[in-house]
Every structure is written in C-alpha cells, then in structure tokens.
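Just so it is clear, none of the values below were taken in a lab; they were calculated from the coordinates. The shown structure was predicted, so the numbers you read here are calculated from the model rather than taken from an experiment. Cβ: placed from backbone, ideal geometry, glycine included. Neighbour counts: every protein chain shown.
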Amino acid sequence: MGVGISVLIGLKSVTLFILFATLKNYGYPLLSIPCLYASLVSLLVALAANPSIDLPILLGKNSDGTFPIWSLVMFSPYLYFVRGFSALRRMKSGEPPYSEISEGLYVGGWPCSLDKLPPGNPAIIDCTCEIPRMLEFTGNHAFLCIPTWDTRSPQPADIEVAVKWACRKRAQKIPVFIHCAYGMIVNFKTSVSDKCICSRLLHYFVFITVLSPICCVTLFISH
C-alpha cells in the first residue's frame, strides 16, 4: 500500500465534505447532514492515525475484540466502511485467508467466519483497531488484541507482549494465528543457519521485520 491510512481517510473526508456542500447547495439539507458527520469522523480518524499521534485507542476497541456501544454509534461511518471494504477486497482479490510461515504459526487477514481460520483451534492475535472479533470465536479460541491502525506497525511494547503470549501458546502446542485487516501476501525469504535458534527470537524477528499491519507476510525459512 503506497500511502498510509491518514492520507486515504483524509481524502475520504474531503470527498464527503464536498458531497455535503453539493447536497446543501442543491437544497437537500437533511441528506447533507450524514455526509458532514461522516466527513468529520473521517477527519478525526485521519488525525488520530497520523504517525506523530498514533492513537488507536480512539476507537475504543476492548481487549476481547469487541466495541462498546458508544464507539459503534460515534464511529459507525468509519467502522462499517472498513468492515465492508475488507470483505469486498477479500472477495475481489481471491487471496488465501491465511499462510503458514512456520509450524503452528499462521498470518493472514481478518477472519470474518470460522472457515477463514487455520486448523487446530488456534490462538488469535488481532492486530487491528477497526475490525471486531466475530461472536462465533468467543470462548472457543484464546485471544489477544493489539490495537493497531491499518498500515501502521504495533508499538514495541505491544510486540513484546504479543511475542511472549504467542510463545506461551506454542509451548502448549497450540497454533497461533496473527492477523491484520487485509492480510496482503508478500514473499520474504531469509536463511537461518543456526538450527538451535531460540523460538522466542524467531517469533520476535517475525513481528519486527514482517508482521506489521501494512502486510502479513509469507516467511520461508531455510535451515
């Protein structure tokens, strides 16, 4: 993705404001109000997602992956837009819902249904702040939410938390599925000569170098 979310949502805000002004000038004040509201919400999101601010908690996503009612109401123009765009993009692209980058470690896009999850009842690390955890996953899968804007990377402290959590799950022989919003696939190949490499460092390498919400990556490790 060539530009970040701040630019894209900022352009969306401008477009909606132009639509608001057009409808108002043509004598449709009631129809113009939703456009104005959506424009203001988009502007707020664009500012909060700017790297110099980077405030994913703005949307209020809970640690269990759900959104409070106030957030669903206040940010509905953005939240439902992202959810719809994600579903449409997945259908159009035909990309696989996930890729296995190491034994028991998967990356992919937002799992909108159970059939989009890897096998083995995986633990889920959710690296999004805009998309909810599906209700059918509740209670069936261990879950960790690292709220992160699309096209932005998690904070170092959040990466550390996620790495430790993932390694605990792998020590219990539980698969781990890490997802961002869209799960674009990029091939990345590296050579690891030390076959005794610590699994924690391997996971940390994966998070630091390739697992940002800009893209989820297929990692090929040759010993």
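A simple spin-label model places the labels of ALA142 and ARG83 2.8 nm from each other, with each point 7 Å out along Cα-to-Cβ. The H on the amide N of ILE178, modeled in the peptide plane, is under 5 Å from the matching H of TYR106, VAL107, GLY108, ILE125, each at least 5 residues off or on a different chain. The simple spin-label model puts a point 7 Å past each Cα toward its Cβ; for ALA171 and LEU72 those points are separated by 3.7 nm.
In this simple spin-label model, placing a label point 7 Å from the Cα along the Cα-to-Cβ direction at both SER52 and LEU30 gives a separation of 4.2 nm.
As a proxy for reagent exposure, ranking SER76, SER99, SER13, SER113 by other Cβ atoms within 10 Å from fewest up yields SER113, SER76, SER99, SER13.
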